Amino acid sequence: MTTLKDILAPTYMQMLGALSAWLGKIDEEKVQDGGAALLTARLASDMFPLSTQIRFACVQAQEGMFRLRQEVFPPSIEELLEEGRNAAERPGSIADALARIDSTIGIVKAAAADAPDLDPATPIAHRLPQGMVFDLTAEQYVRDWALPQFYFHVMTAYAILRAQGVDLGKADYVAHMFAYLRPGG
């Protein structure tokens, strides 16, 4: 039987790994300043910059795992949220972003290792900072919030990197699929 953690944890780890690989493809000339110019790039003026998209992808992965464990969020989540909200002024460096991703992958692995199998019908009250509360089952939370929000930030990071000239293509986005490629295909 596939559990909710069996869906979330591998998805988070493979896509965070992909995000890390995308950052690794940045030309050396773009990281002369630690990548600050690239990390402040946006798709639109009213969207968060790349540095925030990376941080928020990490937030979503950590939040999803701890919510399914029915545990209080660790301070790292609030720290990442605060950093993300202020990332336009303090984008950090590509090395910082890679370290955050690596740390988050470690947190997801550890959280999944001994996470109980949560009943998909378990009620979850998902509160947003603006005061809105969504009443969901655990299954609805995973399907309708956790995965879409995570992918939004990962895909936005991908789009920003592409728009800034980083050499990425569809194969970079679905690199995890090559493990399933039929020999000779």
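The values are calculated or read from the model by the stated rules, or taken from the named source; none is laboratory data. Here the structure is a predicted model, which is why all the values come from computation and not from measurement. Cβ: placed from backbone, ideal geometry, glycine included. Neighbour counts: every protein chain shown. Please note that ligands, DNA and RNA were not included when accessible areas were found on the heavy atoms of the full protein model with its side chains. Shrake-Rupley method; radii C 1.70, N 1.55, O 1.52, S 1.80 Å.
Tell me, please, whether a residue that is open to solvent by less than 40 Å² (accessible area, probe 1.4 Å) and basic (Lys, Arg) can be found in the range 45-58. Before you say what the answer is, go through the steps one by one.
Applying the first criterion (open to solvent by less than 40 Å² (accessible area, probe 1.4 Å)) to the range 45-58 yields 49-58.
Add one more test, that the residue is basic (Lys, Arg), and what stays is 55.
The answer is yes; a qualifying residue exists.
Within the range 118-160, the set of residues being in a helix (DSSP H, G or I), aliphatic (A, V, I, L, M) and open to solvent by 20 Å² or more (accessible area, probe 1.4 Å) comprises LEU147, MET155, ALA159. Of the helices (runs of 4 or more DSSP H) lying entirely inside the range 38-117, those containing at least 2 residues that are within 17 Å of ALA18 (Cβ to Cβ) are 50-68, 94-113.
Condition check ((1) open to solvent by less than 30 Å² (accessible area, probe 1.4 Å); (2) in contact with a Cys (Cβ under 8 Å, 6 or more places away or on another chain); (3) of a type in the set (Gly, Ala, Ser)) across all residues:
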residue	(1), (2), (3)
MET65	yes, no, no
GLN70	no, no, no
GLU78	no, no, no
ALA87	yes, no, yes
PRO91	yes, no, no
ALA97	yes, no, yes
ASP114	no, no, no
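Please verify whether the range 59-79 includes one or more residues that are in contact with an Asp or Glu (Cβ under 8 Å, 6 or more places away or on another chain) and modelled with pLDDT of 95 or more. It would help to see each step written out before you state the result.
From the range 59-79, those in contact with an Asp or Glu (Cβ under 8 Å, 6 or more places away or on another chain) are 73, 77; that's our starting set.
Filter again for modelled with pLDDT of 95 or more, leaving none.
No, that holds for no residue.
Residue check, VAL108 against (1) in contact with a Leu (Cβ under 6 Å, 6 or more places away or on another chain); (2) at pLDDT 95 or above, all met but one. Which one? Failed condition: (1). Starting from residues that are open to solvent by 20 Å² or more (accessible area, probe 1.4 Å) and either over 30 Å from LEU118 (Cα atoms) or among the hydrophobic types (A, V, I, L, M, F, W, C) (or both), keep the ones in the range 5-25 and report whichever is modelled with the lowest pLDDT. Among those residues, the one meeting the criterion is LYS25.
Considering the range 42-99 alone, what residues qualify as being of a type in the set (Val, Ile, Thr), in contact with a helix residue (DSSP H, G or I) (Cβ under 6 Å, 6 or more places away or on another chain) and either under 24 Å from PRO123 (Cα atoms) or in contact (Cβ under 8 Å) with a residue 60 or more places away in the chain (or both)? So that I can check it myself, show each step before the final result.
First pass over the range 42-99, keeping only residues of a type in the set (Val, Ile, Thr): 52, 54, 59, 72, 77, 94.
Now drop any that are not in contact with a helix residue (DSSP H, G or I) (Cβ under 6 Å, 6 or more places away or on another chain), which leaves 52, 54, 59, 77, 94.
If the condition is that a residue be of a type in the set (Val, Ile, Thr), in contact with a helix residue (DSSP H, G or I) (Cβ under 6 Å, 6 or more places away or on another chain) and either under 24 Å from PRO123 (Cα atoms) or in contact (Cβ under 8 Å) with a residue 60 or more places away in the chain (or both), then ILE54, VAL59, ILE77, ILE94 are the ones that fit.
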